[in-house]
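What follows is a short report on a single structure.
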Amino acid sequence: MADETRVVILGGHGKIALLAAPKLVEAGYAVDSLIRNPEHRDEVAATGANPVLLDIEQADVDALAEVFAGAAAVVFSAGAGGGNPERTRAVDHDAAVRSMDAAEQAGVPRYVMVSYARSETDVETLDRESSFFPYAQAKHDADEHLRGTGLDYTILGPGRLTLEPATSALWPLDSAGRPLDGSEPPAELPGASRENVAEAIVHVLRTRAARRETVNFVDGETPLADALS
C-alpha cells in the first residue's frame, strides 16, 4: 500500500534536489533522497530528507524497486554532469530507465522527470560531433521511454539553469524552445531558476498537475500554477 506522503528523489545531492527536498518536507511529504557518496549524508539530512545510500549507476531494477516500495512518487533529478559520454549514457539514460521500470514494478503511481527544454528536438538539430550531443541523446531517449510507460508522469523541461531565487513565475516553451504564447523571443531567452524547478516539482506532486505531460519553460511572468495547470 502506497504512503501518499512519501517521495523518493534520485540525485539527492544535486542542486535541484537540495532545493526541492525542504520544500517537499514543508508541504508535508516524507522524502528519501538517494545518494552515492556517504559524505553527503549530513548535507542531505539538513534539508529534512532521509539520506539513502544507493548508487543508481550500479543498482539494478530490483534494488531500486525495493527502495521505491510503498512510495507515492519518484523524482528523477540525477545526472552525470557531462564530460564523459559513456557515463552520461549510464546515468541519464540507463539508470533513468531502470528507475522507471522499478517504479512500475513497485507500483509507484507518480513519476517526475527533470529533463531540459528542447530534449525532444535537439537530437534532430545538433551536430552529432557536438560535446552536448551525448547528453541530448540520453535525455531524449529516457524521456521517450517514460512516455511509453504506464506511469503517471510529468516531464519538466527547464531552460538554462541558474542559481537565481525562485520567482514562482514561468514562461512556457514549446518542444523547440520557442515561447508557447507565440511571442517573439528575445535574442537570448532567460534562464530557469533551479529553485523554480524545485517549486515546480512540489506543485505537480501536490496538485497532480501536468499528468502525462511535458512542460518546457524558463523564468517568466506566468504564475507557476497556471503554467503547470
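The values are calculated or read from the model by the stated rules, or taken from the named source; none is laboratory data. Since we're looking at a predicted model, the values are computed, not measured. FYI the Cβ positions are ideal-geometry reconstructions off the backbone, even for glycines, and counts take in every protein chain you see. These area figures cover heavy atoms from the full protein model, side chains too; ligands, DNA and RNA do not enter into them. Shrake-Rupley method; radii C 1.70, N 1.55, O 1.52, S 1.80 Å.
Which numbered condition trips up D92, out of (1) assigned to a loop (DSSP other than H, G, I, E, B); (2) in contact with a Lys or Arg (Cβ under 8 Å, 6 or more places away or on another chain)?
Against the list (1) assigned to a loop (DSSP other than H, G, I, E, B); (2) in contact with a Lys or Arg (Cβ under 8 Å, 6 or more places away or on another chain), D92 comes up short only on (1).
Only residues that are free of Cβ contacts under 8 Å to residues at least 40 places away in the same chain and under 21 Å from G82 (Cβ atoms): list them for the range 2-33, please.
Result: H13, L18.
Answer yes or no as to whether N84 is loosely packed, with under 15 Cβ neighbours inside 10 Å, over 23 Å from V218 (Cα atoms) and polar (S, T, N, Q).
Judged against the criteria, N84 is a match.
Which members of the range 98-117 meet the condition of being closer than 20 Å to E213 by Cβ, open to solvent by 20 Å² or more (accessible area, probe 1.4 Å) and part of a helix (DSSP H, G or I)?
Within the range 98-117, just E104 meets the criteria.
Identify all residues within the range 211-229 that are outside any strand (DSSP E or B) and open to solvent by 10 Å² or more (accessible area, probe 1.4 Å); write none if there are none.
R211, R212, G220, E221, L224, A225, D226, A227, S229
Just to confirm my filter: which strands (runs of 3 or more DSSP E) fall fully inside the range 1-54 and include at least 2 residues that are open to solvent by 50 Å² or more (accessible area, probe 1.4 Å)?
50-53
Based on this model, can you work out whether F68 counts as aromatic (F, W, Y), more than 15 Å from the chain's Cα centre (by Cα) and loosely packed, with under 15 Cβ neighbours inside 10 Å?
For F68, the condition - aromatic (F, W, Y), more than 15 Å from the chain's Cα centre (by Cα) and loosely packed, with under 15 Cβ neighbours inside 10 Å - is not met.
Restricted to the range 4-52, and to residues that are at pLDDT 95 or above and among the hydroxyl-bearing types (S, T, Y), which residue is nearest to the chain's Cα centre (by Cα)?
Top of the filtered list is S33.
When only residues in the range 185-210 that are assigned to a loop (DSSP other than H, G, I, E, B), open to solvent by 20 Å² or more (accessible area, probe 1.4 Å) and of a type outside the set (A, V, I, L, M) count, which is nearest to D141 (Cα to Cα)?
The extreme case among them is R208.
How about the range 101-147: which of its residues are touching a His at 6+ places or on another chain (Cβ under 6 Å) and closer than 16 Å to L64 by Cβ?
Within the range 101-147, A142 is the sole residue that qualifies.
Please verify whether D127 is among the acidic types (D, E), buried (at least 17 other Cβ atoms within 10 Å of the Cβ) and either within 16 Å of L34 (Cβ to Cβ) or touching a helix residue (DSSP H, G or I) at 6+ places or on another chain (Cβ under 8 Å) (or both), treating the condition exactly as stated.
no
Going by the structure shown, is R89 farther than 27 Å from H203 by Cα, open to solvent by 20 Å² or more (accessible area, probe 1.4 Å), at pLDDT 95 or above and not aromatic (F, W, Y)?
Taking the combined requirement at face value, the residue satisfies it.
Is one or more of the residues making up the range 105-114 in contact (Cβ under 8 Å) with a residue 60 or more places away in the chain and farther than 29 Å from A72 by Cα?
No, the conditions are met nowhere in the range 105-114.
What is the residue count in the range 115-131 for residues that are of a type in the set (A, V, I, L, M) and without any contact (Cβ under 8 Å) to a residue 40 or more places away in the chain?
Residues that pass the stated criteria total 2.
Tally time: how many residues in the range 132-184 are in contact (Cβ under 8 Å) with a residue 12 or more places away in the chain, part of a strand (DSSP E or B) and surrounded by fewer than 19 Cβ atoms within 10 Å (Cβ to Cβ)?
Of the residues in the range 132-184, 5 are in contact (Cβ under 8 Å) with a residue 12 or more places away in the chain, part of a strand (DSSP E or B) and surrounded by fewer than 19 Cβ atoms within 10 Å (Cβ to Cβ).
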